[in-house]
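Take a look at the structure below.
Just so you know, all these numbers are worked out from the coordinates, no wet-lab data involved. Here the structure is a predicted model, which means the values were calculated and not measured. With ideal geometry, Cβ positions are generated from the backbone for all residues, glycine too; neighbour counts draw on all protein chains shown.
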Amino acid sequence: MEESKSVIILKHKDQPLDCNGAVCTKVYTVKSENEATVDTFEQSIVLRSSKNIGFDSFNINMMNPDGDFSKNDIDIRYYRDPALANVSSHFAYANEEKPIMISTNFFWGAGNTLAEIQKYSDFKCRFTSANDPTKVKVTKAVMETSPIGQFKKDKLPDQVRCRTPKWDSTDAATLEFSINGQDFLGNFAFNFVDNLEVYKISPLSGPIGGKTMVKLYGNGYTSSVP
Amino acid sequence: MTDSGSVICQIPKYPAPETLDIDVSFNDQDFTNDGVKFGFLDPYIEAIEPRLISTKGTSKLTIYGYGFV
């Protein structure tokens, strides 16, 4: 059951919301009796009292058969795209889940507020194979303040941390980040390199004083680490 | 009646959100009483995901609730 129905209106909770002078309406698509989807508008065309909506919160109302609008107090808002500066590493062994840090300007106080991002974000990292665009893996991400573990009262998060997924082969990929779990940005080159593994160690023991030279047999020691 | 297994009828207007039993009769006197129900529900939004949307207009919202027909 999937059918486009009726209209949906984006409405500011206090004042009428306009899209280029007209009410912002979109047709929504019914997925089931309990689920519907609707596209959104570019922020640049959404006005409130003749001014751009900016990063103010607003509500979505659905038109019922009587032409009234169902009311709710679920705020949604635009977020400002963060600026992603650099990545802590551009490679990972294919068999590991390696922490990756992305230096990030969240534009706190200039579009984004910490409280709302903390409450409503769904941070994700997405890895897409450069050789097979259908091979995509998404991992959870968190924001944090660098350096990790050194909490400073007045310092706001300035980096994102996520883990690489296990990849079943060596591969080139791209790394992207999303604040809402849906819209991704950034296009960092990333490489999955040979698995790093140890099969055997020789000798198996030595004196407690240490200094025993051991030989490790395994895989990935001459890996193509960039 | 469309075939031996189904009947089509038009739901009348109803003044308030409510779930009612729906029964069938062929003689306007003897009605089924099988507990089949129909809900008069205006669209009601219970949750929206995501709550943060892209300025580019690329976000697609999923709306959860009742009465989406």
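Extending 7 Å from the Cα toward the beta-carbon at both B:Phe38 and A:Ala85 defines two label points whose distance is 6.3 nm. Cross-link reach is defined here as a Cα-Cα straight distance under 14 Å, omitting same-chain residues fewer than 8 places apart; for A:Lys119 the aspartates and glutamates meeting it are A:Asp75, B:Glu49. In the structure shown, the pairs A:Lys51/A:Lys155; A:Lys98/A:Lys124; A:Lys124/A:Lys166; A:Lys166/B:Lys56; A:Lys98/A:Lys137 are assessed against 24 Å; a Cα-Cα span above that value is assigned to A:Lys51/A:Lys155; A:Lys166/B:Lys56. Each Lys or Arg adds one and each Asp or Glu subtracts one; over the other residues with Cβ under 10 Å from the Cβ of B:Val36, this totals -2. Summing +1 for each Lys or Arg and -1 for each Asp or Glu among the other residues whose beta-carbon sits under 11 angstrom from that of A:Asn195 gives -3.
What the Cα convex hull of the protein assembly as shown gives, in volume per residue, is 261 Å³.
The mean sequence distance of close C-alpha pairs (under 8 Å, at least 6 residues apart), as a share of the length of chain B, puts its relative contact order at 25 percent. In terms of other Cβ atoms within 10 Å, A:Ser57, B:Ser59, A:Ser88 run from fewest to most in the order A:Ser88, A:Ser57, B:Ser59.
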